[in-house]
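In what follows, a single structure is set out as C-alpha cells and then discussed.
All of the numbers you see were taken from the coordinates with simple rules; none came from a lab. In this text, all values refer to a predicted model and were calculated from it rather than measured experimentally. Here the Cβ is made from the backbone with ideal geometry for all residues, glycine too, and neighbour counts use every protein chain on show.
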Amino acid sequence: MTVSSAKSVLVLGATGGAGYETAIALLRHGWSVRAMHRDPVKARARLPEAEWVSGDALRASDVVAAANGVQLIFHGVNPPGYRDWDKLVMPMLEATIAAAKATGARIIVPGNVYNYGPDAFPILTEDAPQNPISRKGAIRARMEARLREASASENVHSIVLRAGDFFGPHADTWFSQGMIRPGKPLTSVRYPGEPDIGHAWAYLPDFAEAVARLAERESKLREFENFHFAGHWFDRGVEIAERTCVVAGVPATSIRRFPWVLVDVLSPFVTLFHEMREMRYLWKTPVQLDNMLLINVLGEEPHTDIDTAIRRTLQAKGCLSDLPPQTNSTGLRSPTSKIRGRRC
C-alpha cells in the first residue's frame, strides 16, 4: 500500500452514492483516499483518484489491512438491494470497528431516520429516543448502540451524521428509482408521499461536504458524536416534485401518485418492494431533523440551491432534454426548502 499522508481515509462503499460523494469531498479537502473493493481493478474506473485495494467488507482482516495508516474510516457500505440486512449489516460494522481498534482511526457512519418511531416525531434531535418500528430500523439502532458501546469501552471513536432521504447525481435512491425514470427525458414525476405532509431531503454532495468538514475537526470532537443534517425541508412534501417539474420544463399536471398498490401486491415476491413497503410510514408523517448541533460545530450547513441540486441530478440521470428548462410556465411558486440558521 501507498504510504499514508497526515490526512488519510479509508472509504468503504466508495462505489455507492454516499461513499463516492464523500470520497470526492475529502479529496477536495486534501485527504488521501484509499478505497476497498472485491474487484478493485473494475472499481478504479469509477474513482481513479483513489488508491484501490482488494478486500471484503465482511472480513475483518481485510478491513484492518486496508485501514493501515489511515486516520479516518468512512463506513458507507450496505448490502445491495436491501438483501440480508439482518445477516450482513452488523458483521460489516464489526469488521470496521476491528479496523478502528487496530489503527486508532475515527469511524464516520452516514445515518438515517429509520432508527426512530412515532414517539420521536415530528422533530428529531440528537437525543431523541430510538424506538424503531421496522426491522431495518431496529438494525440501524443496534448499529448506533454498538458504536456508542465501542466508544465507551474499546477506545473506538465515531461520528454518526444523520439525514433524510438522499438524492444526487451519483445516488440510486427514492428520487432516482421511485420518482423519476433514469435514462429518458422527464415527462412525469411520481411522488410517494402525501402531498401536504412535510419531508426532508439531503443532497448528497452537500452531505459529503459536511462529512469532510467534520473530518477536519475530528480531533476536537468527543469519542462519540451524533449530528443531524437538516438538508432541504419541504412543509409540503410534494413541492420537491413540483420543483422537479419546473427544472425539467414540464407542467405540474405531470405529477403522479406513486403506485403503492403494485408495491403491496409484489412485496411478497420482490425483496426491494418488501423493504420499500416497510418504510412507507415515513411518507405518511413529517420527520424533520434539527441541525443546530451541526451548525454549532461547522458554523453553517453546506447547502446547494434546490433547483441547482435537482438539475444536476436530472442531468446525471439522463432526464433532461436539449431544450432549456422552463422556469415561468408552470405557475408554481418559488422553492421554499429550508435548511440552516434555524432550529427545526
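What residue, among those in the stretch 239-258 that are crowded, with 19+ Cβ neighbours inside 10 Å and of a type in the set (D, E, K, R), is farthest from residue 315 (Cα to Cα)?
Top of the filtered list is 239.
How many of the residues making up the stretch 259-294 are within 22 Å of the chain's Cα centre (by Cα) and either within 23 Å of residue 85 (Cα to Cα) or surrounded by 17 or more Cβ atoms within 10 Å (Cβ to Cβ) (or both)?
The qualifying residues number 21.
Please go through the stretch 21-55 and give me each residue that is among the small types (Gly, Ala, Ser) and within 22 Å of residue 92 (Cα to Cα), ordered by number.
Residues satisfying the conditions are 23, 35, 43, 50, 54, 55.
Checking residue 306 against (1) touching a Ser or Thr at 6+ places or on another chain (Cβ under 6 Å); (2) β-branched (Val, Ile, Thr); (3) farther than 19 Å from residue 200 by Cα: exactly one of these is not met. Which one?
Condition (3) is where residue 306 drops out.
List the pairs whose first member sits in the stretch 192-217 and is closer than 24 Å to residue 239 by Cβ, whose second member is surrounded by fewer than 18 Cβ atoms within 10 Å (Cβ to Cβ) and acidic (Asp, Glu), and whose Cβ atoms are under 7 Å apart, counting only residues at least 6 apart or on separate chains?
Cβ pairs passing all conditions: 198/235.
Is there any pair with a first residue in the stretch 27-49 that is farther than 13 Å from residue 11 by Cα and in contact (Cβ under 8 Å) with a residue 12 or more places away in the chain and a second that is of a type in the set (Asp, Glu) and surrounded by 13 or more Cβ atoms within 10 Å (Cβ to Cβ) whose Cβ atoms are under 9 Å apart and which are 6 or more apart or on different chains, and what are they?
Sorted first by the residue in the stretch 27-49, then by its partner, the pairs are 28/209; 29/209; 29/216; 38/56.
Looking at (1) of a type in the set (A, V, I, L, M); (2) surrounded by 19 or more Cβ atoms within 10 Å (Cβ to Cβ); (3) closer than 29 Å to residue 221 by Cβ, can you tell me which one residue 298 breaks?
(2)
What do you reckon, is residue 28 farther than 23 Å from residue 316 by Cα, of a type in the set (D, E, K, R) and out of contact with any strand residue (DSSP E or B) (no Cβ under 9 Å at 6 or more places or on another chain)?
no
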